[in-house]
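**Q** Supplied in structure tokens, the structure appears directly below.
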Amino acid sequence: MLKCLLCGATIEKRLSLKQLLLPGRIPQPKICIKCQSRLVLRKSTHPCPGCGRKLLASETICWECQQWQHQYGWLLANQSLYAYNDMMREYMKRYKFQGDYGLRLAFQAEFNQFLKEFDYDVLVPIPIAPHTWQTRGFNQTTALLTLPYTTALTTIANNKQKQSSKTRQERLKTPQIFRLTQPQKIIHQRVLLVDDVYTTGRTLYHAAVLCHQAGCLEVKSATLVS
Ligand SMILES: [Zn+2]
Ligand SMILES: [Zn+2]
């Protein structure tokens with residue numbers, strides 16, 4: 001009996017004609033219909049072309065992305081699969097902060113399908129810091145991936161002050177937190193950075209700056225939620 005990974009309810013197997021005709025092609029659902037109905041697809045919410053988060057009806061780009069554009073002269077064009085709502089906040093809490101490794105499977109098929117829609121040469125996940133490895137035991141982003149990826153980035157020692165405790169001005173000035181381990185693997189390539197959540201953008205912009213400096217043809221990013 002299949003149980004919903006999120007709420008534990010029994011998932012009823014109602015096979016469609018397509019599933020019957022193409023056995024094995026469509027993955028078994030990992031979450032129940034009720035939990036699925038609480039997901040909001042980001043592309044359905046008038047997303048910002050810079051960060052992928054929801055814009056006001058009157059906006060064409062959000063204020064924060066205007067600041068990134070001003071600081072770097074380019075934008076990441078981040079796209080996310082799901083909106084960060086109560087459902088995804090609860091999911092992230094259990095998956096990432098309580099370290100429930102099994103929950104990587106909840107959206108794995110959908111997320112990799114989403115990533116396949118991008119034009120890129122190399123998929124580069126955002127690494128986690130050594131102290132996070134020690135407490136969580138896994139990288140929540142690479143655990144989501146079934147597509148091949150390249151470990152081109154590693155974290156460097158940085159102050160551990162939380163992003164959320166800084167003002168925006170302080171965050172903008174945060175020194176680089178990554179270095180490239182394999183620049184030869186990304187030079188002249190179209191890089192798609194991948195992370196679990198787009199929050200302030202600070203982490204992804206640090207990674208993107210290094211990719212631009214290394215001579216990547218294009219750098220974009222994708223996250224599970226934003
Ligand atoms: Zn459920
Ligand atoms: Zn934006």
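The values are calculated or read from the model by the stated rules, or taken from the named source; none is laboratory data. Values in this document were obtained by computation on a predicted structure and should not be read as measured data. Cβ placement follows ideal geometry from the backbone for every residue including glycine, while neighbour counts extend to all protein chains displayed.
**Q** Could you check region 60-70 and list, in sequence order, the residues that are within 9 Å of ligand 2 (Cβ to nearest atom) and in a loop (DSSP other than H, G, I, E, B)?
**A** Residues satisfying the conditions are Ile61, Cys62.
**Q** Would you check which residues across region 130-162 are surrounded by 13 or more Cβ atoms within 10 Å (Cβ to Cβ), out of contact with any helix residue (DSSP H, G or I) (no Cβ under 9 Å at 6 or more places or on another chain) and free of Cβ contacts under 8 Å to residues at least 40 places away in the same chain and list them?
**A** Thr132, Trp133, Thr142, Thr154, Asn158
**Q** Scan region 10-48 for residues that are at pLDDT 95 or above and either among the β-branched types (Val, Ile, Thr) or in a loop (DSSP other than H, G, I, E, B) (or both) and report the count.
**A** Matching residues across region 10-48 total 4.
**Q** Same structure again: Quick one: is Cys51 part of a helix (DSSP H, G or I) and either within 16 Å of ligand 1 (Cβ to nearest atom) or at negative phi (or both)?
**A** When the stated conditions are applied, Cys51 does not pass them.
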